[in-house]
1. Look through segment 29-45, keep the residues that are free of Cβ contacts under 8 Å to residues at least 40 places away in the same chain and over 18 Å from the mean Cα position of the chain (by Cα), and return whichever of them is farthest from residue 96 (Cα to Cα).
2. With respect to residue 162, determine if the residue is under 21 Å from residue 203 (Cα atoms), among the hydrophobic types (A, V, I, L, M, F, W, C) and more than 15 Å from the ligand (Cβ to nearest atom).
3. If you take the residues of segment 171-189 that are of a type in the set (A, V, I, L, M, F, W, C) and modelled with pLDDT under 95, which of them is farthest from residue 123 (Cα to Cα)?
4. Does residue 73 satisfy being surrounded by 19 or more Cβ atoms within 10 Å (Cβ to Cβ) and small (Gly, Ala, Ser)?
5. Specify the residue that is farthest from the ligand (Cβ to nearest atom); the eligible residues are those in segment 85-101 that are within 19 Å of residue 6 (Cβ to Cβ) and buried (at least 21 other Cβ atoms within 10 Å of the Cβ).
6. If I go through segment 211-245 residue by residue, how many of them are at positive phi and touching a strand residue (DSSP E or B) at 6+ places or on another chain (Cβ under 7 Å)?
7. Out of 69, 133, 129, 107, which single residue is in a loop (DSSP other than H, G, I, E, B), among the charged types (D, E, K, R) and under 25 Å from residue 186 (Cα atoms)?
8. Can you tell which of 116, 145 is crowded, with 17+ Cβ neighbours inside 10 Å and in contact (Cβ under 8 Å) with a residue 24 or more places away in the chain?
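The values are calculated or read from the model by the stated rules, or taken from the named source; none is laboratory data. Computed from a predicted model, the values in this text were never measured in an experiment. Virtual Cβ from ideal backbone geometry, glycine too; neighbours counted across all protein chains shown.
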Amino acid sequence: MRKPMIAGNWKMHKIISESVALSEKIKNTLEKNVHVDVVVCPVFTALNSVYSVLEDTDIGLGAQNLYWEKEGAFTGEISPIMLKDSGCEYVIIGHSERRKYFSETDEMVNKKIKAALEIGLTPIVCVGETLEEREAAKETAVINAQLEGAFNNIDINDMGNVIIAYEPVWAIGTGKTATPQQAQQIHQFIRQWLTDNKDNEVSAAIRILYGGSVKPENIKELMDNEDIDGALVGGASLKAETFAQIVKNAKEVI
Ligand code: 13P
């Protein structure tokens, strides 16, 4: 059985003091939850401070991006080893905002995944179609291409350390969630892709999270579907009460 995961993507929100306060509140609000993996992904500058708050808990720490080189003359970038050094176990890769605003390609996503796996960071790899692509009925073709690009030449043995997040771009920050049926259909498509292109074992083991306007009110009906193993939460992860409520509601589905 796949252990559910609820991950909070704080995006470019909160200075260090605010990040520390939020992580302390999350730590104090969450019950011990052995059945749900909980992860928070603050901005780079707050990673190590949040790590100090969470290091004695089960709550994991993730970054929102990395660069694939170990070190060197790459002004403004941050390497996998630097994230490890800050206390990270996870890293979000290929978020649609990075693809859109920073021109990240599937090839770059692939390099980033390889670099993360090499150092022992668990990549949370994001895929998802835009509204235009969905309206043109191209969503599965788009996701197929993103999966092929992202997981090109990634060893089956490494795939067990990967998490995938399906985030339809039209549902991010819009309040417009995919229906549980729409989400399940794509999650099933992704799992089938894993069976066809990797193997059955990988396909059965990988956690596929849904992201896009997840709230305490809709997490249960999303997670009631067989292939939805949790959520990558944006806006609703910025308040301890709502984030904790999402975790709590997710737990009730198990
Ligand atoms: P929202 O939950 O704010 O829609 O954001 C989703 C997201 O992009 C998580 O990575």
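1. Only one residue tops the list, namely 32.
2. Against the criterion (under 21 Å from residue 203 (Cα atoms), among the hydrophobic types (A, V, I, L, M, F, W, C) and more than 15 Å from the ligand (Cβ to nearest atom)), residue 162 qualifies.
3. Restricting attention to segment 171-189, the residues satisfying the condition of being of a type in the set (A, V, I, L, M, F, W, C) are 171-172, 178, 183, 186, 189.
When the remaining residues are screened for being modelled with pLDDT under 95, the result is 171-172, 178.
Working: 171: 22, 172: 20, 178: 23 Å.
Once the filter is applied, the top-ranked residue is 178.
4. Working: surrounded by 19 or more Cβ atoms within 10 Å (Cβ to Cβ): no; small (Gly, Ala, Ser): yes.
No: the conditions fail for residue 73.
5. Per the criteria, the residue is 88.
6. Qualifying residue count, segment 211-245: 1.
7. On the way: 69 fails: under 25 Å from residue 186 (Cα atoms); 133 fails: in a loop (DSSP other than H, G, I, E, B); 107 fails: in a loop (DSSP other than H, G, I, E, B).
Of 69, 133, 129, 107, the one residue that is in a loop (DSSP other than H, G, I, E, B), among the charged types (D, E, K, R) and under 25 Å from residue 186 (Cα atoms) is 129.
8. Numbers: 145 fails: crowded, with 17+ Cβ neighbours inside 10 Å.
Among 116, 145, only 116 is crowded, with 17+ Cβ neighbours inside 10 Å and in contact (Cβ under 8 Å) with a residue 24 or more places away in the chain.
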